[in-house]
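**Student:** Have a look at this one.
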Amino acid sequence: MKILIIDDDELIRMTCRNILKKEGYTVLEAENGNVGMTVFKSESPDLVITDMLMPDKEGLETISEIRALNPNAKIIAISGGGDTHNMGFLQLARKIGANRALKKPIKAGELLSAVKATLK
């Protein structure tokens, strides 16, 4: 199974990569939504994990584009904050198509549980 991690924070990508590789997943990475979309189109990952707040192309736009290309894509949104007007980015991500939403910092067990449940 191929998992694409889109996050501008290299430490987050590395942490997720290490957790997922230990479980046998193939991990692809992108530092923003623009690069993420290029990888998504060329690699057709089984799951996308995307941050919400990134330069160049943020998570909501990335999720919308993924959904337009593949309505059945599996997506987990992640974010460390950024609540605005009582509508958090993670809640909004769920409304526009993320299957699950996780708040940073993400624990290994929480990540693996969300990945397994989303890929079912």
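**Student:** I'm trying to understand the selection: among the residues of segment 45-82, which are within 13 Å of THR118 (Cβ to Cβ) and either at pLDDT below 95 or β-branched (Val, Ile, Thr) (or both)?
**Tutor:** VAL48, ILE49, THR50, ILE75, ILE76, ILE78
**Student:** Which of the residues that make up segment 37-59 are over 20 Å from LYS103 (Cβ atoms) and either part of a helix (DSSP H, G or I) or among the acidic types (Asp, Glu) (or both)?
**Tutor:** Correct list: MET37, THR38, VAL39, PHE40, LYS41, SER42, GLU43, ASP46, ASP56.
**Student:** Need the failing condition index for THR62 against (1) polar (S, T, N, Q); (2) part of a helix (DSSP H, G or I); (3) out of contact with any strand residue (DSSP E or B) (no Cβ under 9 Å at 6 or more places or on another chain), just the number.
**Tutor:** For THR62, the failing item is (3).
**Student:** Still on this structure: If a residue has to be more than 12 Å from the chain's Cα centre (by Cα) and either surrounded by 18 or more Cβ atoms within 10 Å (Cβ to Cβ) or not acidic (Asp, Glu) (or both) to count, how many in segment 1-16 make the cut?
**Tutor:** 5
**Student:** Give all pairs with beta carbons closer than 7 Å in which a residue from segment 88-101 that is more than 17 Å from ALA117 (Cα to Cα) and surrounded by 17 or more Cβ atoms within 10 Å (Cβ to Cβ) meets a residue that is charged (D, E, K, R) and at pLDDT below 95; count only pairs at least 6 apart in sequence or on separate chains.
**Tutor:** Taking only residues 6 or more apart or on different chains, the pairs are LEU90/LYS103.
**Student:** Quick one: in segment 83-114, which of the residues that are touching a Gly at 6+ places or on another chain (Cβ under 8 Å) and in a helix (DSSP H, G or I) is modelled with the highest pLDDT?
**Tutor:** ALA93
**Student:** If we keep just the residues of segment 6-24 that are in a helix (DSSP H, G or I) and of a type in the set (A, V, I, L, M, F, W, C), which is farthest from GLY109 (Cα to Cα)?
**Tutor:** By that ranking, first place goes to LEU11.
**Student:** For segment 65-82, what are the residues that are closer than 15 Å to LEU111 by Cβ and either assigned to a loop (DSSP other than H, G, I, E, B) or over 10 Å from the mean Cα position of the chain (by Cα) (or both)?
**Tutor:** If the condition is that a residue be closer than 15 Å to LEU111 by Cβ and either assigned to a loop (DSSP other than H, G, I, E, B) or over 10 Å from the mean Cα position of the chain (by Cα) (or both), then LYS74, GLY80 are the ones that fit.
**Student:** Kindly indicate which of GLU58, GLU110, GLU29, GLU65 is free of Cβ contacts under 8 Å to residues at least 40 places away in the same chain, of a type in the set (Asp, Glu), surrounded by 14 or more Cβ atoms within 10 Å (Cβ to Cβ) and under 20 Å from MET1 (Cβ atoms).
**Tutor:** Only one candidate qualifies: GLU29.
The values are calculated or read from the model by the stated rules, or taken from the named source; none is laboratory data. Since this is a predicted model, take the numbers as computed values, not measurements. Virtual Cβ from ideal backbone geometry, glycine too; neighbours counted across all protein chains shown.
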